[in-house]
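Working notes, beginning with the structure itself.
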Amino acid sequence: MHGSSPSWIQSAIGYEDGCTEKGIPTMITWGYGGKEVAVEGSWDNWKTRIPLQRCGKDFTIMKVLPSGVYQYRFIVDGQWRYAPDLPWAQDGTGNANNILDLQDYVPEDIKSISSFEPPLSPESSYSNLPLGAEDFAKEPPLVPPHLQLPLLNLPASHMEIPPPLSRPKHVILNHLYIQKVKNGQPVVALGSTHRFRAKYVTVVLYKPVQR
């Protein structure tokens, strides 16, 4: 239900954010476009319209409210609106308002979290025997065959088995080098090579390391 308002944003002087008050922190979000968005609700008997702050494509505001059930509506560019993806109901005059139910909110007990002690690890997790000479004498596991077919910079004609995928067009290769000297200042160098098809671009950044 849409309705017009002669002054869609009233002065919010005297309105406090409420973060210092005891209550339930609640995020109210409008994600259906508009240039200017405000919200009003039954938490103060519809007395104050509070502008929402743009956050990317959405408009949001954080309110701290006591436990209870509230009705609220958005004012988008001067028109009454409601968010259809949130709980809503019609009032006695037929206007659609969103519903905010904070009755079942359970606050976190910080003291219980700070006094929490993790359980001890089971003894079975430390029962593995150390590796012996027989373990080191075994042959290493075989490499999966598809890892023996590199696709980068290798023509398909040189392979006994053609690769399942085509050669990638874009490849990035990074190198990090740290030089440590006894009497001088160590240097860190970062090299980044970009290949796109047959073109290569290499950038090297280096700077001394402060001891």
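The values are calculated or read from the model by the stated rules, or taken from the named source; none is laboratory data. What you are looking at is a predicted structure, and each value in this text was computed from that prediction instead of being measured. Because the Cβ atoms are built from the backbone with ideal geometry, glycine has one as well, and the counts that use them run over all protein chains shown.
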Quiz item: When residues of region 190-211 are filtered for being free of Cβ contacts under 8 Å to residues at least 12 places away in the same chain and of a type in the set (Gly, Ala, Ser), how many remain?
Solution: 1
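So that you can scan it fast, the table gives a plain yes or no per residue for (1) touching a helix residue (DSSP H, G or I) at 6+ places or on another chain (Cβ under 8 Å); (2) exposed (fewer than 13 other Cβ atoms within 10 Å of the Cβ); (3) within 18 Å of Gly33 (Cα to Cα):
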site: Ile61; (1), (2), (3): no, no, yes
site: Val64; (1), (2), (3): no, no, no
site: Val69; (1), (2), (3): no, yes, no
site: Ile75; (1), (2), (3): no, no, yes
site: Gly78; (1), (2), (3): no, no, yes
site: Tyr82; (1), (2), (3): no, no, yes
site: Asp85; (1), (2), (3): no, yes, yes
Quiz item: Using beta carbons and a limit of 6 Å, which pairs, at least six apart or on different chains, have the first residue in region 66-92 and touching a residue at least 40 places away in the same chain (Cβ under 8 Å) and assigned by TED's automatic domain parsing to the domain that holds Ile28 and the second one outside any strand (DSSP E or B) and of a type in the set (A, V, I, L, M, F, W, C)?
Solution: Ser67/Leu102; Ile75/Trp8; Gly78/Trp8
